[in-house]
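To keep things clear, I will list the structure first and then write my remarks on it.
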Amino acid sequence: MKARAIVAWNVRRIRVGKGLSQEKLAADASVDRAYLAKLERQSVNTGVDVLDKLADALSVNVADLFEIPAEGAPPPVTLRGGRKRS
């Protein structure tokens, strides 16, 4: 697995595990939501500054974004879209 795929995998895994939408994480990290979506789809190659912002917003170390998934691990799920019902 390439580094870009590993980062995308881990950002989504950690984000979903914390119950954060892309919009919420993007706002917390001060990055564009569309850019975050592209990062998770491996469409962009991000820089260290953005990785720092995402790690801070997720309350993890930058190294956690480079954790290699276990062989055969299912891909991270996505959160259900749309508005949440109260």
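The values are calculated or read from the model by the stated rules, or taken from the named source; none is laboratory data. Everything numeric here is computed off the predicted structure, so don't read it as measured data. No Cβ is skipped: glycine too gets one built from the backbone with ideal geometry, and neighbour counts run over all protein chains shown. In case anyone asks, the SASA skips ligands and DNA or RNA and just uses the protein heavy atoms, side chains included. Shrake-Rupley method; radii C 1.70, N 1.55, O 1.52, S 1.80 Å.
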Query raised in the report: GNM, the chain, Cα, under 10 Å: largest mean-square fluctuation among ASP64, ASP49, ASP28?
Result: ASP49
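Rolling a 1.4 Å sphere over the protein heavy atoms, what is the accessible area per residue of the chain, to the nearest Å²? Mind showing how you got there, number by number?
Working: 5760 Å² over 86 residues.
Value for the chain: 67 Å² per residue.
Loop only per DSSP, at most 16 neighbouring Cβ atoms within 10 Å: give me the GluC sites (Glu not before Pro) in the chain, ordered by residue number.
Numbers: sites: GLU23, GLU40, GLU67, GLU71; in loops: GLU67, GLU71.
In loop regions of the chain (DSSP not H, G, I, E or B), the sparsely surrounded GluC sites (Glu not before Pro) are GLU67, GLU71.
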Requested in this report: Please turn the phi angles of segment 53-64 into ³J(HN,Hα) values with the Karplus equation 6.51 cos²θ - 1.76 cosθ + 1.60 (θ = phi - 60°), one per residue in order, whole Hz, x for glycine and proline.
Outcome: 4, 5, 4, 4, 5, 8, 6, 10, 7, 4, 4, 5
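Which percent of the accessible area of the chain is formed by carbon and sulfur heavy atoms (probe 1.4 angstrom)? Display every interim value, and only then the final one.
Numbers: 2830 of 5760 Å².
Answer for the chain: carbon and sulfur cover 49 percent of the accessible area.
Tell me, what does the Kirkwood hydrodynamic radius of segment 3-71 come to in angstroms if you use every pair of distinct C-alpha atoms?
Numbers: mean 1/r = 0.0859 Å⁻¹.
This gives a value of 11.6 Å.
When the helices in the chain are scored as -39500 (n - 2.57) per DSSP H run of 4 or longer and the sum is shared across all residues, what 222 nm value do you end up with, to the nearest 500 deg cm²/dmol?
When only DSSP H runs of four or more count, the value is -14500 deg cm²/dmol.
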Query raised in the report: If contacts are Cα pairs under 8 angstrom and at least 6 residues apart, what is the relative contact order of the chain in percent?
Result: 42 percent
